[in-house]
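Structure first, then comments.
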Amino acid sequence: MTGRAALLALGFGAIAVAVVAAACSQGSSQKNPGDDLIIDVPSATNSAPPPPPAPDAADASDGYVEDLDGYAPITTCAMCNCAPDASYCFGGGTNYIRFSGKCNWLDAGVEAGLEIGCEPVPAKCSGPLDCPCLIAELAPKIGCYPVCAIKAGSAATVYCPNP
């Protein structure tokens, strides 16, 4: 490399460094749109949000909330307190959303049909009571897919969450 070429390379390198340095130093003094934060709301509205409302008394411990039309299968079955050895509680389903106030349907017979409250365990489900059997027996009769829960020491509860 000749002396002249080396001098030119050194000059171009110095110019490049100067351009980059100038660009960096100018960028910090320029303002771009969106750099300024303007708060145009009174400070009273910048407070914390209000606390959530207290839980409603109609809320069940498992999160079920009674509907406006009175359909409350969990609450109804808890109130009826069906005998766990001979019955299950039917909480409701499609076309079965009104509770008559009568819980015990064990002695009503087949002619009474299915009612919300304590129902006799279907003959096909004799032996240790299990939810799959109850669901298989009830689903065709009630027009919706029921859910079932059995708690130790309590009768099974069967109902449709969305009748």
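Quick note: the coordinates plus some simple rules give every number you see, no bench work behind them. It should be emphasised that the depicted structure is a prediction, and the values quoted were computed from it without experimental measurement. Reconstructed Cβ throughout: ideal geometry from the backbone, glycine too, with neighbour counts over all protein chains shown.
Can you list the residues, at least 5 places off or on another chain, whose amide H is less than 5 Å from the amide H of residue 156, using H built in the peptide plane?
Distant-sequence amide H within range of residue 156: 89.
Can you compute 3J(HN,Hα) from phi for each residue in region 76-89, using the Karplus curve 6.51 cos²θ - 1.76 cosθ + 1.60 with θ = phi - 60°, rounded to whole Hz and x for Gly and Pro?
Along region 76-89, the couplings run 4, 5, 5, 5, 5, 6, 5, 5, x, 8, 10, 8, 9, 9 Hz.
Mind listing the phi-derived Karplus ³J(HN,Hα) values for region 30-35, rounded to whole Hz, using 6.51, -1.76 and 1.60 with θ = phi - 60°, and x for any glycine or proline?
Values, residue by residue: 7, 9, 10, x, x, 6 Hz.
Tell me, what ³J(HN,Hα) does each residue in region 120-125 have, in order and in whole Hz, if you take phi through Karplus 6.51 cos²θ - 1.76 cosθ + 1.60 with θ = phi - 60° and put x for Gly and Pro?
x, 5, x, 4, 5, 9
Using only alpha carbons, build the gyration tensor for region 73-159 and give me the equivalent ellipsoid semi-axes, biggest first, whole Å.
After diagonalising the Cα gyration tensor, the semi-axes are 16, 15, 13 Å.
Once label points are set 7 Å from the Cα along Cα→Cβ at both residue 95 and residue 151, what is their separation, rounded to one decimal in nm?
For residue 95 paired with residue 151, the spin-label model returns 3.1 nm.
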